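Chemist: My structure is below; once you've seen it, I'll send some questions.
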Amino acid sequence: MNKNELLKIAREARELSYSPYSHFAVGAALECTDGSIYQGANIENASYPLAMCAERNAVYNAMMDGKTKDDFVALAIVADTERPCSPCGACRQVLSELYPEDAPIYLGNLEGDVKETTIAELLPFAFDGEDL
Ligand code: THU
């Protein structure tokens with residue numbers, strides 16, 4: 001699947017965002033080696049810190065269907081931002097453990113701007129299980 005198709009699916013996932021507190025809707029789409037796509041959107045709560053980000057929900061959604069890091073091919077993230085939406089620090093930490101370090105991550109916005117990156121680039125020198 002090309003990046004624009006995956007970004008479109010992330011944009012569709014964004015419609016499912018539950019974000020009544022921030023009013024900042026984010027969508028994500030995770031492509032796997034078998035061609036399956038897992039969507040995620042941010043889900044908030046009146047207890048604000050309990051919000052779960054779109055990209056983490058996409059990864060967890062895939063894992064709950066039996067997928068693992070080795071199955072992940074590409075990830076797209078979209079929000080209504082001026083520049084392509086960049087993942088938060090918590091998501092970078094989670095992706096550094098659960099997403100392949102050199103697999104593409106497409107960051108997008110509603111204007112169609114796209115930045116292609118990797119988790120290795122987004123979180124260099126990450127803390128990981130080897131440090132424990
Ligand atoms: N959010 C995401 O879903 N992904 C990110 O990487 C950035 C932040 C969500 C969390 C919260 O629901 C809202 O955006 C505002 O921070």
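Chemist: With respect to Ser17, is the statement that it is in contact (Cβ under 8 Å) with a residue 12 or more places away in the chain and more than 28 Å from Pro124 (Cβ to Cβ) true? So that I can check it myself, show each step before the final result.
Modeler: Working: in contact (Cβ under 8 Å) with a residue 12 or more places away in the chain: yes; more than 28 Å from Pro124 (Cβ to Cβ): yes.
Against the criterion (in contact (Cβ under 8 Å) with a residue 12 or more places away in the chain and more than 28 Å from Pro124 (Cβ to Cβ)), Ser17 qualifies.
Chemist: Under 6 Å between Cβ atoms, at least 6 apart or on separate chains: pull out the pairs that start in the range 35-58 with a residue that is free of Cβ contacts under 8 Å to residues at least 60 places away in the same chain and hydroxyl-bearing (Ser, Thr, Tyr) and end on any residue that is open to solvent by less than 40 Å² (accessible area, probe 1.4 Å) and within 12 Å of the ligand (Cβ to nearest atom).
Modeler: That search, which allows pairs on different chains as well, returns Tyr38/Ala58.
Chemist: On to the next question. Which one is surrounded by the most Cβ atoms within 10 Å (Cβ to Cβ) among residues in the range 113-132 that are over 28 Å from Gly66 (Cβ atoms) and in contact with a strand residue (DSSP E or B) (Cβ under 8 Å, 6 or more places away or on another chain)?
Modeler: The selected residue is Val114.
Chemist: Select from the range 49-85 the residues that are part of a helix (DSSP H, G or I), hydroxyl-bearing (Ser, Thr, Tyr) and over 12 Å from Leu95 (Cα atoms) and list them in ascending order.
Modeler: Going through the range 49-85, the residues part of a helix (DSSP H, G or I) turn out to be 49-50, 54-63, 69-71.
Cutting the leftovers down to hydroxyl-bearing (Ser, Thr, Tyr) gives us 60.
The answer is none; no residue qualifies.
This table checks each residue for (1) closer than 20 Å to Val26 by Cα; (2) open to solvent by 30 Å² or more (accessible area, probe 1.4 Å).
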{"site": "Val59", "(1), (2)": "yes, no"}
{"site": "Asp65", "(1), (2)": "no, yes"}
{"site": "Thr68", "(1), (2)": "no, yes"}
{"site": "Arg83", "(1), (2)": "yes, yes"}
{"site": "Pro87", "(1), (2)": "yes, no"}
{"site": "Tyr99", "(1), (2)": "yes, no"}
{"site": "Leu107", "(1), (2)": "yes, no"}
{"site": "Glu111", "(1), (2)": "yes, yes"}
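Chemist: Follow-up question, since we're still on this one. Just to be sure I understand, how many residues within the range 70-81 are open to solvent by less than 10 Å² (accessible area, probe 1.4 Å) and closer than 15 Å to Val26 by Cα?
Modeler: Selection size over the range 70-81: 5.
Chemist: Of the residues that sit in the range 1-48 and are more than 14 Å from the ligand (Cβ to nearest atom) and part of a strand (DSSP E or B), which one is surrounded by the fewest Cβ atoms within 10 Å (Cβ to Cβ)?
Modeler: Looking only at the range 1-48, we keep the residues that are more than 14 Å from the ligand (Cβ to nearest atom), and these are 1-9, 12, 31-38.
Within this subset, residues satisfying the condition of being part of a strand (DSSP E or B) are 31-32, 37-38.
Details: Glu31: 25, Cys32: 17, Ile37: 19, Tyr38: 24.
The residue in question is Cys32.
Chemist: Of the residues Ala74, Ala62, Ala54, which is touching a Pro at 6+ places or on another chain (Cβ under 6 Å) and within 25 Å of Asn2 (Cβ to Cβ)? Steps first, answer last, please.
Modeler: Working: Ala62 fails: touching a Pro at 6+ places or on another chain (Cβ under 6 Å); Ala54 fails: touching a Pro at 6+ places or on another chain (Cβ under 6 Å).
Only one candidate qualifies: Ala74.
The values are calculated or read from the model by the stated rules, or taken from the named source; none is laboratory data. Because the structure is predicted, anything quoted here is derived from the model rather than measured. Neighbour counts are summed over all protein chains in view; Cβ atoms, including those assigned to glycine, are modelled from backbone coordinates with ideal geometry. Heads up: the accessible areas ignore ligands, DNA and RNA and are worked out on the full protein's heavy atoms, side chains in. Shrake-Rupley method; radii C 1.70, N 1.55, O 1.52, S 1.80 Å.
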